[in-house]
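Shown next, in structure tokens, is the structure this report addresses.
The values are calculated or read from the model by the stated rules, or taken from the named source; none is laboratory data. This structure is a prediction, so every number in the text was calculated from the model and none was measured. Here the Cβ positions follow ideal geometry from the backbone for every residue, glycine too, while neighbour counts run over all protein chains shown.
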Amino acid sequence: VGPGHGVQLDSGRLVVPAYTYYVHGCLRGAVRLPCFTRQHSLVFYSDDGGRRWHKGALLGGERTGECQVAEIRGAQQPLLYCSARAPRGCRAVALSTDRGLRFQRPVRCQALGEPPRGCQGSVVSFAAPARAAEAPTWLLYSHPTDRHRRRDLGLYVNPSPLDGAGWRRPWVLQAGPAGYSDLAVCPGGVFGCLFECGASSACEEIAFCLFTLDLSGDRTLKAS
């Protein structure tokens, strides 16, 4: 389970992201034998305040690992957005129309790069600014911006969550080595980020930062 946070949906459902190693098999005559394992993302959910938990279906397709989810509100029906660590240089994104029971087949998001061995990233949804022309719910994502190694932790905003190309250019929250992170939406338009960083290695210390977003620009994100 994790790393990162779970979410409570507007329906009250509790959702916790996770991933597992699934044993894929192949047929040897009439017998199905295990052949290899592959990571697949999934969620656990509870509709009774955490007393009983259930497992959602695995994300299909290519390998997906550490993931986080966010609820996209304002569409005809709420959607659950999943951003997962994946191979081949970019994130995998999948949507669920039934609050996490099943996700559509993941697609690659070229706008959100991964270093060669990948890295965990965090995503949260938040209400769009007043008078915004885009969707009523926006996404905020944190992840190292360097596509070659874990460094320069960046913040990305997408005012059109269903558009994979809608991510604005990132603002670097932490220059230098940086790794895993976890975002939180705080009152008053403030956001929080807990993240790994260091002088020579991405895992020397854990830091926490509060910030606000300047969303007035067209394609460039600013934070303070």
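Results for (1) aliphatic (A, V, I, L, M); (2) touching a strand residue (DSSP E or B) at 6+ places or on another chain (Cβ under 8 Å); (3) farther than 25 Å from Gln76 by Cα, shown as yes or no for each residue.
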| residue | (1), (2), (3) |
| --- | --- |
| Gly121 | no, yes, yes |
| Phe126 | no, yes, no |
| Ala133 | yes, no, no |
| Asp152 | no, yes, yes |
| Ala165 | yes, yes, no |
| Glu205 | no, yes, yes |
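When the test is whether a residue is buried (at least 21 other Cβ atoms within 10 Å of the Cβ) and in contact (Cβ under 8 Å) with a residue 60 or more places away in the chain, Val185 does not pass it.
Total residues in the stretch 24-38 satisfying the condition of being in contact with a Pro (Cβ under 6 Å, 6 or more places away or on another chain) and at pLDDT 80 or above: the figure is 0. If you check Gly192, Gly176 for being in a strand (DSSP E or B), surrounded by fewer than 22 Cβ atoms within 10 Å (Cβ to Cβ), at pLDDT 95 or above and on the phi > 0 side of the Ramachandran plot, only one passes: Gly176. Here Ala92 passes the criteria (1) in contact (Cβ under 8 Å) with a residue 60 or more places away in the chain; (2) under 22 Å from Arg73 (Cα atoms) except the one numbered (1). Taking the listed residues Asp163, Asp182, the one that is assigned to a strand (DSSP E or B) and charged (D, E, K, R) is Asp182, with no other qualifying.
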